[in-house]
Amino acid sequence: MRYVNAFIYRGREEGFLHGGFEIRDGLFSSLFFYPENERKAPGDGNYCIDLEGAYIIPGLIDVHIHGSMGADFSDAGQEALIKMGEYLLLHGITSFAPASMTLPAEMLAKAYRVAGEIHDREPDACSGLAGIYMEGPFLSDKRKGAQNPKYLKAPDITLFKELYDISGGLIRIVAVAPELMGASEFIKYISDICTVSVAHTDADYEQGRAAFDMGARQLTHLYNAMSPLHHRNPGVIGAGAERDDIRAELICDGIHVHPSMVRLAFKLFPGRICLISDASRCLGMPDGLYELGGQTVLLKERRVTLEDGTIAASATDLYDCMLNAVSFGVSVNEAVHSATLVPAKAVGCDDMVGSIEEGKWADFVICDKELNRIQVFKKGKGY
């Protein structure tokens, strides 16, 4: 299929270029560009589609999401993961990495085994499973956030390897608090297998710097559940910001992070912000009581909290987070980059998704100039 007369996103530097593309066997087989004042005739209407000036962005990739539509990854059921994937695809998220909570090892094993089965099945009309985000249990009790303190434990290489094998090698990101006993050895070993993300941590600047020197390459939901950025104690945020090889996840739901701090994050980590939703099963659901990681949470007006008022995950999808970032003052080019290519690199799938390039899967979203969705495509098929 051939598409013409569109503005195609070509990255944070080039932005949108006028042109078209061809899709064969679910892949972008060719891209072509021409002046905006030129229009290509669609020719054979059965083979060529005139997009009439629409905007094309890569399918979004949410590498940190717990659930949606009442389903949670930790439910350890195929139906739950498929429900999540179907919802995400219709909202412009063509790949995702479901995140587990801090739970007993046997519960994590069940969820990870199911993820492996879904990955092998590749269900139709479903966002692609790009990997697993192992958020717990190697986290600090001091910065536990909504993680269940009953199941927190020190970093354990043996447990990680067991779960990694059970999942079929699907763990792409593992979170760890670097100040915990055994964290140094864990980071050194695991960083050769997948992305290690500094998370739920009370570590100071020196501990953060040491973690990055040992191979950690990411910060989990920047500002949240970590030592704050302070002029006399810059913490892990300062340690990460001064390196150009560290990504920082950011939740732009308008609740977790103030718009001013969103703008600051993009200045601290230029080109390295990884937008995430951190959404719970509350995403797409009405206000009420729900469960997250074995704890009761309250959803009210898009805010998800524990009984004590602690913010617990979000109820906003990644596409809306991207739009929020733009409304907060982040450039469109930067926001799209942070919701597509940066997360693709975080889970190691940027060779096939995350940007519109020849030879990559034709995962894309047709939208208007304000990025409002018109239609979503997964491997060249529209939904």
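Bear in mind that the values in this text are calculations on the coordinates, not laboratory data. In this text the structure is predicted, and so the values were computed from the model without any measurement. Counting neighbours? That spans all protein chains shown, and the Cβs are built from the backbone with ideal geometry, glycine included.
Could you compute Rg(Cα) / (2.2 N^0.38 Å) for the stretch 142-207, with N its residue count?
Dividing the Cα radius of gyration by 2.2 N^0.38 Å gives 1.11.
From the residues HIS66, GLY20, ALA362, which one has its Cα farthest along the dipole of the chain in the positive direction, the dipole being from +1 and -1 charges on Cβ of Lys/Arg and Asp/Glu about the Cα centre?
Value: HIS66.
Can you find, among ALA111, VAL332, SER227, the residue farthest towards the positive end of the dipole of the chain? Put +1 on the C-beta of Lys and Arg, -1 on that of Asp and Glu.
SER227
Listed here are the pairs LYS267/LYS360; LYS83/LYS378; LYS144/LYS300; LYS150/LYS345; LYS345/LYS381; LYS110/LYS379; which of them are more than 27 Å apart at the Cα?
LYS267/LYS360; LYS150/LYS345; LYS110/LYS379
Could I have the simple spin-label model distance between ARG373 and ILE193, label points 7 Å from Cα toward Cβ, reported in nm to one decimal?
So the label points at ARG373 and ILE193 sit 3.4 nm apart.
Which residue, SER100, THR158, PHE266, has the largest displacement toward the positive end of the dipole of the stretch 60-346 when charges sit on each Cβ (Lys, Arg +1; Asp, Glu -1)?
After comparing all options, I get PHE266.
Would you kindly enumerate the cysteines in the chain that have no other Cys beta-carbon under 4.7 Å from their beta-carbon?
CYS48, CYS126, CYS194, CYS274, CYS282, CYS349, CYS367
Provide the FRET efficiency to the nearest 0.05 for the TYR47-MET261 pair, computing r from the beta carbons and using R0 = 56 Å.
Result of the calculation: an efficiency of 0.70.
Gain in length, ALA125 to LYS40, computed as 0.36 nm per residue apart minus the alpha-carbon separation, to one decimal in nm?
27.5 nm
Taking the Cα centre of the chain as the origin, how large is its charge dipole in debye, to the nearest 20, when only Lys and Arg (+1) and Asp and Glu (-1) carry charge on their Cβ atoms?
360 debye
Can you work out D for the stretch 142-264 in µm² s⁻¹ from Stokes-Einstein, where Rh is the Kirkwood radius over C-alpha pairs, the temperature is 10 °C and the viscosity is 1.306 mPa s?
Answer, rounded: 107 µm²/s.
Ranked highest first by the average count of other Cβ atoms within 10 Å around their residues, in what order do 69-76, 178-185, 31-38, 296-303 fall?
Order by mean packing, descending: 69-76, 178-185, 296-303, 31-38.
To one decimal place, what orientation-averaged projected area in nm² is obtained for the convex hull of the Cα set of the chain?
That works out to 17.8 nm².
Which order do the peptides 334-347, 117-130, 78-91 take when ranked by the mean count of other beta-carbon atoms within 10 Å per residue, highest first?
334-347, 78-91, 117-130
Quick check: residue separation of ARG243 and LYS153 times 0.36 nm, minus the Cα distance between them. What number comes out in nm?
Additional length available on full extension: 29.5 nm.
For the peptides 136-143, 151-158, what is the packing order when you average, over each peptide's residues, the other Cβ atoms within 10 Å and list the highest mean first?
Highest to lowest by the protection proxy: 136-143, 151-158.
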